[in-house]
Each structure stands twice: as C-alpha cells, then as structure tokens.
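The structure under discussion appears below in the form of structure tokens.
Values quoted throughout were computed directly from the atomic coordinates according to the rules given, and no laboratory measurement underlies them. The model shown is predicted, which means the values in this text are computed figures rather than measured ones. Methodologically, a virtual Cβ is constructed for each residue, glycine included, from the backbone with ideal geometry; neighbour enumeration extends over all protein chains shown.
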Amino acid sequence: MKAITSIAGSAPLRDDADEPIAAILKVLGEGERFLVCSHAGPDGDAVGSMLAMGMLLKRMGKHADMVSADRVPIVFRALPGADRIQTAMRVHGPYDAVILLECDGVERTRLQGLESFFHINIDHHASGVAFADLNWIDREAACVGEMVYRLFRSAGVALTPEAASCIYTTVLTDTGGFVYGGTRASTFELARELVAAGADPIRIAQQVYFSTPISKLLLLGAALKNLHREGRVAWLWISQEDMIRSCAVEEDCEGIVNYALSTAEVEVAAFLRELEEKRVRVSLRSKGRVNVAAIAGRLGGGGHENAAGCTLDGPLSRAKEQIVEELRAALACARERSEGRNLIA
Ligand code: 5GP
Ligand code: MN
C-alpha cells in the first residue's frame, strides 16, 4: 500500500486533513482486526484516545484489541471500557494494522512484536515523526482525542456518551483543564459537542482532579522540599528513596512539574525523577517563549513546544546540572530574540 503522510497544522473542525483521514478510514474499512496502542506511561490523551478509537472500530464492525505497556492510571480507570485495555510486554497478531496514537516511533510504545504489521501513526506532537506506513500528524490539534473525534465524524459514526466521555477526557487533560497553549475557540466548540453528546464534564473533572491518591500528595511534599529557583528557571526533583518512602508509583509524578512553573516569575521549569536503573526521567514545561520540545528532542525525547520530556543518564546530580544549563541557555536565547524584536519594533 502507498504510504500517505500528512503533517499539518489545522483547526479541528476544518477539513484540510481529508487525505490522511480518507486513507486511514480506507484501511479500517478493508481490514477486520486491529491493534490500538499508545505510548508507555499512558496519560489522559493516550488512554482516552485508545478507548475512543476502539469504540470507533467496534461501531464499524471491526475487532480491536487495546494494549499498553503500563497499566492505566487510577484516575482514568473509571472511563468506559478502561478495563479492556490489556497490559502486556509483547503483542501477538494477526492484525491488519496497528494504530499508534501519540507516538514518535514504535519504540515509544515499549511493546514488542509490533514491527511486522502495517503501522498507522496518529499524533499531534511538535516532535511528531512520520515513521509509519500511514501518518497523520496535526500539530495544532489540542489532543489526539480530537483527531479520533474527526475520524468519527468522517466515518459518519455517531458519538455515544461513552465515546464522548473518553474524548472529553483527552481534551480536558491535554489542555491542562483548558489552560495550556493550543486551547482555542475550536477546543471549546469541541468540548461543547462532546458534552452535548453525553460527556459529563463535572463527573470527569472530579474523577481526574479530585481523586488524588495519598501517595501522590506525599510525593508532592517531597518534591516541593527540593524546589529551587534561579531567576526565571525553576526545578524540583524526587529520588528513588522519595518514591519508596511515599509508596508512590510512576503515575503519581504526573503534573508535579507544574508546581515549579506556578509562580509569576518562573518561565521554564523542570521536574526530575530518579529511575531504578540509574537513569533520570525529565519533564520540561514553558510558559511561552522557550521551546522545550527542541531541548527534549536534542536529548533524545520529544513533546510539545510548552510541554516535553526525555530520559537522561544519571546520576541525578549530573542530570540536574545538565538540564538547568539547557534551560538557562534556552532562556538567554529567547530573551535575546525578544529584545532583538523590540529593537526592530
Ligand atoms: P510529560 O512531561 O508529562 O511526561 O510529557 C510531556 C509531553 O512530552 C507529552 O506530550 C509527552 O508525550 C511528551 N514526551 C515526554 N517524554 C517524551 C519522550 O521521551 N519522547 C517523546 N517523543 N515525547 C515525550
Ligand atoms: Mn497528547
């Protein structure tokens, strides 16, 4: 089959993604069995878009398996069908195609056994890569769930309240509650349609934001003790010992980086977590001028301009120095650029 690649910036309700959408729907229409997966350590967009994609396939009369290398975080387990997402290290076919959501390569799934299948890549990251047989990358989509919504529309499949709830969760979480860059009029238009189709915004928000396990609060306390600021750069971290003492799991780290970004002075922030195998997981955030996807990309990771991540070699102290230096340099560059612009103006 001919590989189709579309890497576009487009508002969600415009139709300039016709070609990749038609190509994807053709593959879905012709096949019978599909595998739906996303990145390891799934977040709200990964879980919600996998579930919605599975529902779309089912409504099209197809068989869909959903597999993740890591378990579904507790806050997303109440989503309809979440218990159907299997946790596995290796997948076994036969599948007519594998749909990879939010991934810049097969490796990001951390699943084995995917190599031989036909790959469909649906992504919205700034660092998105056309690695698959069929690629649809829309860097302006607020979340991959929004792209799955467009597939529903183009396939002429009505949204059930269950699918609307899953997609609403992707919009809510990937925009940080309609806060991050990428939140535009069309995002609210989409949210309105999803609520009209049966998503309950209050119940979903309570499930996502008011179901925090105690382990996460303990971990946050430990991280805040390690909060440092230097001018417009802030960083905080947790060690393996902090993880153990708090009885925390990986998903408890989600969102901690935002506390470093939450004061008015700070423009870029990093959260570092020591991993068991002496590597260090890094989350980067920026309020605007600094493109953290570019920094993460140089260090082997990726993400969005304002939210990105990567994994570095330890020890933690060295990773901290490395990342703070990167942020200082990026901020200095951004400052120079904006001062230059002011001079011209
Ligand atoms: P987080 O800091 O919440 O783990 O990730 C922020 C954003 O960057 C998410 O959109 C996530 O998918 C992306 N991201 C985080 N780590 C990596 C990575 O190692 N590789 C790539 N390609 N993207 C990442
Ligand atoms: Mn996403």
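Separation of the stretch 53-127 and the stretch 129-177 by C-alpha centroid, Å? Each part reduced to its Cα centre gives a spacing of 14 Å. Starting from the Kirkwood radius over alpha-carbon pairs of the chain, derive D by Stokes-Einstein at 20 °C in a medium of 1.002 mPa s and give it in µm² s⁻¹. The Stokes-Einstein estimate is 104 µm²/s. Considering only alpha-carbon pairs that sit under 8 angstrom and 6 or more positions apart, the relative contact order computed for the chain is 13 percent. Each Lys and Arg Cβ is given +1 and each Asp and Glu Cβ -1; about its Cα centre, the stretch 4-208 then shows a dipole of about 520 debye. Working note: Karplus 6.51/-1.76/1.60 with θ = phi - 60° gives the stretch 56-73 the couplings 4, 4, 4, 5, 8, x, 9, 9, 10, 9, 10, 9, 9, 6, 10, 5, 6, x Hz, where Gly and Pro are set to x. Each Lys and Arg adds +1 at its Cβ and each Asp and Glu adds -1 at its Cβ; summed about the Cα centre, the stretch 214-344 shows a dipole of about 360 debye. Put the Cα centre of the stretch 304-329 next to the Cα centre of the stretch 219-254 and the gap is 14 Å. Based on the Stokes-Einstein relation at 4 °C and a viscosity of 1.567 mPa s, and on the Kirkwood radius from alpha carbon pairs, the stretch 112-187 is assigned a translational diffusion coefficient of 95 µm²/s.
When the chymotrypsin sites (Phe, Trp or Tyr not before Pro) in the stretch 175-254 are filtered for DSSP coil states and for at most 14 other beta-carbon atoms within 10 Å of their beta-carbon, the remaining sites are 178, 210.
Here's how it looks for residue 237: its modeled amide H is under 5 Å from those of 226, 272, which are all 5 or more places away or on a different chain. Please report the net charge: other residues with Cβ closer than 15 Å to the Cβ of residue 62, K and R +1, D and E -1. Here the charged neighbours net out to +1.
Once backbone amide H atoms are built at 1.01 Å from N, residue 36 has 65, 66, 67, 99 as its partners under 5 Å, excluding neighbours fewer than 5 places away on the same chain. Overall, the anisotropy analysis places the stretch 188-295 in the oblate class: the square-rooted eigenvalues a ≥ b ≥ c of its C-alpha gyration tensor yield a/c not less than 1.5, with a/b not exceeding b/c. For the chain, the 222 nm mean residue ellipticity estimated from helices alone, with every DSSP H stretch of n ≥ 4 adding -39500 (n - 2.57) and the total spread over all residues, rounds to -12000 deg cm²/dmol. Taking 7 Å steps out from each Cα toward its Cβ at residue 311 and residue 192 produces label points 4.3 nm apart. Scalar couplings 3J(HN,Hα) for the stretch 308-320, obtained by applying the Karplus form with A = 6.51, B = -1.76, C = 1.60 to θ = phi - 60°, are 8, x, 7, 10, 10, 6, x, x, 3, 4, 6, 4, 4 Hz; x denotes Gly and Pro.
Proximity of backbone amide H atoms, modeled 1.01 Å from N, is registered between residue 112 and 90, 91 at under 5 Å, excluding neighbours fewer than 5 places apart on the same chain. Couplings for the stretch 173-186, taken from phi via the Karplus curve 6.51 cos²θ - 1.76 cosθ + 1.60 with θ = phi - 60°, read 6, 6, 9, x, x, 6, 10, 6, x, x, 8, 9, 3, 5 Hz in order; Gly and Pro are left as x.
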